[in-house]
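To start, the structure itself, in structure tokens.
The values are calculated or read from the model by the stated rules, or taken from the named source; none is laboratory data. Since the model is a prediction, treat every value here as computed from it, not as a measurement. Ideal geometry is used to build each Cβ from the backbone, glycine not excepted, and the neighbour counts take in all protein chains shown.
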Amino acid sequence: MRKQFLLLFLIPLLAIANESKTFEVNLMALSSDRYNIIIKGNTSSSQTDLKQELRRKIHESCGTRFEIENIKFVNIDQDGSKRITIHGRFKCYVNSQM
């Protein structure tokens, strides 16, 4: 009986632990060099995970020359589970601007 109870308890934990770190990313151009970005994590995402994804997306868009203008973390409750979301705005610099 104990083994069955233990398995019943551990199976949902294993499913949560195996959840992939996928993010829902929405990148919107505000002008030719400014962007607004929204990244939604899953239930197991942390602020560090979202910051890394933000940096990765900024590097894809701008390379290494950019300025992060603002970042805001928001917790949203969706279908009874909390998901962390990051809202940010950044500016890309080209060679002539620096």
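Observations on the model:
- Checklist (1) over 13 Å from F23 (Cβ atoms); (2) in contact with a helix residue (DSSP H, G or I) (Cβ under 7 Å, 6 or more places away or on another chain) applied to I84, failing item: (1)
- Selection of region 25-56 for residues being more than 15 Å from E67 (Cα to Cα), in a loop (DSSP other than H, G, I, E, B) and without any contact (Cβ under 8 Å) to a residue 40 or more places away in the chain yields S44, S45, S46.
- For region 71-93, residues that are in contact (Cβ under 8 Å) with a residue 40 or more places away in the chain and either exposed (fewer than 11 other Cβ atoms within 10 Å of the Cβ) or more than 29 Å from D33 (Cβ to Cβ) (or both) total 1.
- Qualifying positions in region 49-69 - touching a helix residue (DSSP H, G or I) at 6+ places or on another chain (Cβ under 9 Å) and over 12 Å from V94 (Cβ atoms): I68
- Among the residues of region 84-98, those that are more than 17 Å from L30 (Cα to Cα) and at pLDDT 85 or above comprise I84, T85, I86.
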